[in-house]
Amino acid sequence: MNDVPAIVARGLTRRFGALTAVDHVDLSVPRAGIYGFLGPNGSGKSTTLRMLCGLLEPSDGDVEVLGYRMPGEAESLRRKLGYMTQRFSLWDDLTVEENLEFLARIHGLRAAERRARIGELEAEYDLAPLASQRAGTMSGGQRQRLALAAATLHRPELLLLDEPTSAVDPQSRRDFWESLFRLAVAGTTILVSTHYMDEAERCHRLAILAEGRLVAEGAPRQLMRDIAAAVVELEADDVVAARAALQGDGAILSVAQLGTRLHALLSLDTPEPAARVRARLAAAGVAAEVHAVPASLEDVFVAATGFGSLSSSAHAAH
Amino acid sequence: MLDRIAAVMVKEVRQLARDRLTFGMIVGIPLMQMLLFGYAINFDLRGLRAAVVDEAGTSLSRAWIADLEASGVVEFLPPSPGVDDLRRRIDAGEVSVGVFVPPDFERRVLDRTRAPAQLLVDGGEPMVDVVARSLASVPLPRRDGAYGRPVPTLEVRTEYNPERRTAVQIVPALIGVILNMTMVIFTAAAIVRERERGNLELLITTPVRSGELMAGKLLPYVFIGLLQTSLVLAVGSLLFDVPVNGSLLDLYLAALLFIAATLTLGLVISTLARTQFQAFQLAFFTMLPSILLSGFMFPFDGMPPAAQWIAQVLPLTHFVELARGIVLRGAPLADLGGPAAKLVVFLVIALAIATLRFRKRLD
């Protein structure tokens, strides 16, 4: 059973008028793990998630979620699916307890079962002290815990989380990810969209989306190892001058700044990438410390989204 | 299924109870409208400000002017010295009716081919013209058969409302106006609010079905509608002495039918509006023609055919007919099959539109 992927999509496409929000995406999401969607705003993450849970109808393509064909069998999937929207979507004018109780009844939990499960969730997500507080008066982190409790109330097999940490502080984010790992260990398949690199790096597997297309897919470490570019890091006092010195070389595909450091991505066929960068800087009279480094996820993201030709080779790596 | 409907109802009532403004409006709108229409608005105009120019100055003219004032329709301010001054006072809005008695008043009275006096009326104000014209039928004082005009050919008997009290005309139909206003706005807003706040996006991914969601959201408003009906009837009876001549059960059945129709209208609006503000605008858009064309304020028969056609589409038109029939004429609901059937037709069509349009999906 566990060998069968939780989600299989082929040629998944969604158009809004002239705009193609999701463009022929193929997905295979394994069970019991955290699968991430990484991409900038407007890359089609939310639209893909919404098609997977039946909120939107695909314009084209086939999707099977937990063995149910979507969107036709969406109603049958609902009992096994938990969905956390990008925006807080519980009721502001109801208390924590009332919100959970309402959703528990909607999911058909009987009175005794309901009490027990709500008690469990309040303990798990540290909501007991807030039980009679209205959701509208809570902080971002508290709301997020409530939303996760609500999404897992009926012990779903699949959890879809649409940018769940966009409105919470770093500590809440850490706690939130701890909760996700516990759920994954217990066998839940989790699909989470994000635009944070550190979060993407925590996922078991990752799909990088850009302009509605899947441009890279794999485990984060594997993606970093297989990056279709040589990464050279340089530390210079005059970052602006260093940057200018690297302009105009066809082999240097992109330069990104990280504080006082620069990451240059060079095409793979460059014989001595670090030496080449050093030579250019010397020619321009810029003093810098230069060495080749392993790729970060950010480099992977830049390589995957920056150059259309590179995305296909990253793709072919699996 | 019932449990899920109950869950939605409980949630809806909880939210409603916390929304003080909406909760207040449930009671506030009927009370305010009752007091407005019952006390402030009066179709039976009395005490219009008037002035007189009496150039005859005979005992007959003075007696006649006294009779005019005794009718209660006008209330005379100090007289004007001449017609020019009278016109100026009408222009200035100081008076809305002027009475001019010419010097040859007595001779004109004897000459049946000429009107003895003239009435100047400000036609810019609604109703004033109609009411002032009723002065024209005030007879000249009789004096031993010498003068006087023939008695009117027609004697008017105002059935169901012999004292011609506006409250009696208004209250039964006002039930409809109030229900129309609150039911349409509250349901449309309650549903659109969930879409606006993103609650619907979450609800769609749960096992709740659209039918259950709609039923659970609308049922509390049925009780609220019946509550408002009772409130209007109670206030009407206590403050304005409006009787219910027909069967109370029939009236509540008619109200129930109308509540169902207006809730469905609210549902249709909720499928069209994207924001609560749009929902209010759309509700208001249906409200104004309902009040003006339903026969609530202006007689239905006097409207041009196009307006009558529009009125047929509005559920309020049919409920006004039902309510007046039952409350004032004491007619049983069974005798009012026409308007009742039209309400049912409206309900079925609106429900079909709402069901087709409301899908458990975002697009």
(message) Leaving out ligands, DNA and RNA, and with a 1.4 Å probe, what % of the accessible surface on the range A:75-140 is carbon or sulfur?
(response) 47
(message) Explain nothing, just compute: Karplus ³J(HN,Hα) = 6.51 cos²θ - 1.76 cosθ + 1.60, θ = phi - 60°, for every residue of the range A:211-225 in order, whole Hz, x for Gly and Pro.
(response) 6, x, 10, 7, 9, 7, 8, x, 6, x, 4, 5, 4, 5, 5
(message) Test of the criteria: in the range B:47-94, which GluC sites (Glu not before Pro) are in a DSSP loop and have at most 13 other Cβ atoms within 10 angstrom of their Cβ?
(response) B:Glu94
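Compute the signed sum of charges (Lys and Arg +1, Asp and Glu -1) over the other residues within less than 9 Å, Cβ to Cβ, of A:Leu262.
Charge balance near A:Leu262 sits at 0.
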(message) As a test of the formula, what do you get for chain B when each DSSP H run with n ≥ 4 contributes -39,500 (n - 2.57) and the sum is divided by the residue count, at 222 nm and rounded to the nearest 500 deg cm²/dmol?
(response) -20000 deg cm²/dmol
(request) Keeping all protein chains in place, calculate the accessible area per residue for the protein assembly as shown (probe 1.4 angstrom), answer in Å². (result) 47
(message) A drop of at least 10 square angstrom in accessible area, chain alone versus all protein chains together, probe 1.4 Å. Which residues of the range A:92-130 meet that?
(response) A:Asp92, A:Asp93, A:Leu94, A:Glu98, A:Glu101, A:Phe102, A:Leu103, A:Arg105, A:Ile106, A:His107, A:Arg110
(request) Would you mind checking which residues have amide H under 5 Å from A:Thr188's amide H? H placed 1.01 Å from N; only 5 or more apart, or other chain. (result) none
(request) Send over the Kirkwood Rh of the range B:166-362, from the inverse of the averaged 1/r over different Cα pairs, rounded to one decimal Å. (result) 17.3
(message) Please list, in order along the range A:244-251, the HN-Hα scalar couplings obtained from phi with the Karplus expression 6.51 cos²θ - 1.76 cosθ + 1.60 (θ = phi - 60°), rounded to whole Hz, x for Gly and Pro.
(response) 4, 5, 8, 5, x, 9, x, 7
(request) Can you check what the net charge comes to around B:Gln276, using other residues whose Cβ is under 11 Å from the Cβ of B:Gln276 (Lys, Arg +1; Asp, Glu -1)? (result) +2
(message) Give me, ordered by chain and number, the residues 5 or more places off B:Val99 or on other chains with an amide H under 5 Å from its own placed amide H.
(response) B:Ala51, B:Val52, B:Val53, B:Leu120
(request) May I ask for the distance between the Cα centers of the range A:251-310 and the range B:71-108, given as a whole number of Å? (result) 99
(request) Compare B:Val327, B:Val177, B:Val74 in a GNM of chain B, Cα atoms joined below 10 Å, and give the one with the largest fluctuation. (result) B:Val74
(request) Compute for chains B and A the buried accessible surface, both sides summed, probe 1.4 Å, and express it in Å² to the nearest 100. (result) 3000
(request) Throw me the Rg/Rh for chain B, computed over C-alpha atoms with Kirkwood Rh, two decimals. (result) 1.13
(message) What whole-number volume per residue, in cubic angstrom, does the convex hull of the C-alpha atoms of the range A:113-226 give?
(response) 120
(request) Mind listing, in residue-number order, the residues in the range B:1-28 that have at least 50 Å² less accessible area with every protein chain present than in their own chain alone (1.4 Å probe)? (result) B:Asp3, B:Arg4, B:Ala7, B:Lys11, B:Arg14, B:Gln15, B:Arg18
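Which length gain, in nm to one decimal place, applies between B:Phe277 and B:Ala115 when the Cα-Cα distance is subtracted from 0.36 nm times their residue separation?
Full extension of this stretch gives 52.5 nm more.
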(request) Note the angle between two axes, namely the Cα long axis of helix A:170-185 and the longest principal axis of the Cα atoms of chain A, as a number of degrees from 0 to 90, rounded to the nearest 10. (result) 70
(message) Let me check I've understood the local charge: for B:Val10, count other residues with C-beta under 14 angstrom from its C-beta, Lys and Arg +1, Asp and Glu -1. What total comes out?
(response) 0
(request) Describe numerically, in nm with one decimal, the distance between label points set 7 Å from Cα along Cα→Cβ at A:Asp169 and at B:Glu55. (result) 9.1
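Got a number for carbon plus sulfur as a percent of chain B's accessible area, 1.4 Å probe? Kindly include the intermediate steps, with their values, before the conclusion.
On the way: 11380 of 18030 Å².
Summing carbon and sulfur atoms, their accessible area is 63 percent of the total for chain B.
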(request) Summarise the accessible area of the range A:152-223 (1.4 Å probe, protein heavy atoms) by the percent that is carbon and sulfur. (result) 47
(request) Compute the convex hull volume of the Cα atoms of chain A, divide it by the residue count, and report the result per residue in Å³ as a whole number. (result) 152
(request) Return the whole-Å distance between the Cα centroid of the range B:1-69 and the Cα centroid of the range B:192-237. (result) 28
(message) Let me check the size of the protein assembly as shown from its C-alpha atoms; what are the radius of gyration and Dmax in Å?
(response) 38.7, 134
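Would you kindly give the portion of the calculated P(r) for the range B:48-159 that falls above 26 Å, as a percent of all Cα pairs?
In whole percent, the share of Cα-Cα pairs in the range B:48-159 beyond 26 Å is 19.
Would you mind calculating the relative contact order of the range B:48-159 from Cα pairs under 8 angstrom and at least 6 residues apart, reporting the percent as a whole number?
With pairs under 8 Å counted, the relative contact order is 28 percent.
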(request) Give a residue-ordered list of calculated ³J(HN,Hα) values for the range B:55-62 (Karplus: 6.51 cos²θ - 1.76 cosθ + 1.60, θ = phi - 60°; whole Hz; x for Gly, Pro). (result) 8, 7, x, 8, 5, 5, 5, 5
(request) On a 0 to 90° scale, report how tilted helix B:248-272 is relative to the longest principal axis of chain B, with both axes built from alpha carbons and the result rounded to the nearest 10. (result) 70
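Provide the percentage of antiparallel DSSP beta bridges, counting only those with both residues in the protein assembly as shown; round to the nearest 5.
60
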(request) Calculate, in whole percent, how much of the Cα-Cα pair population of the range B:260-363 lies beyond 18 Å. (result) 55
(request) Over 28 Å between C-alpha atoms is what I'm after, so list which of B:Lys11/B:Lys342; A:Lys45/B:Lys11; A:Lys80/B:Lys217 land there. (result) B:Lys11/B:Lys342; A:Lys45/B:Lys11
(request) Report A:Arg243's accessible area, 1.4 Å probe, all protein chains in place, as a number in Å² to the nearest 10. (result) 80
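The values are calculated or read from the model by the stated rules, or taken from the named source; none is laboratory data. Because the structure is a prediction, the values reported are computed rather than measured. Ideal geometry is used to build each Cβ from the backbone, glycine not excepted, and the neighbour counts take in all protein chains shown. Side chains are part of the model used for accessible areas, which takes the heavy atoms of the whole protein and leaves out ligands, DNA and RNA. Shrake-Rupley method; radii C 1.70, N 1.55, O 1.52, S 1.80 Å.
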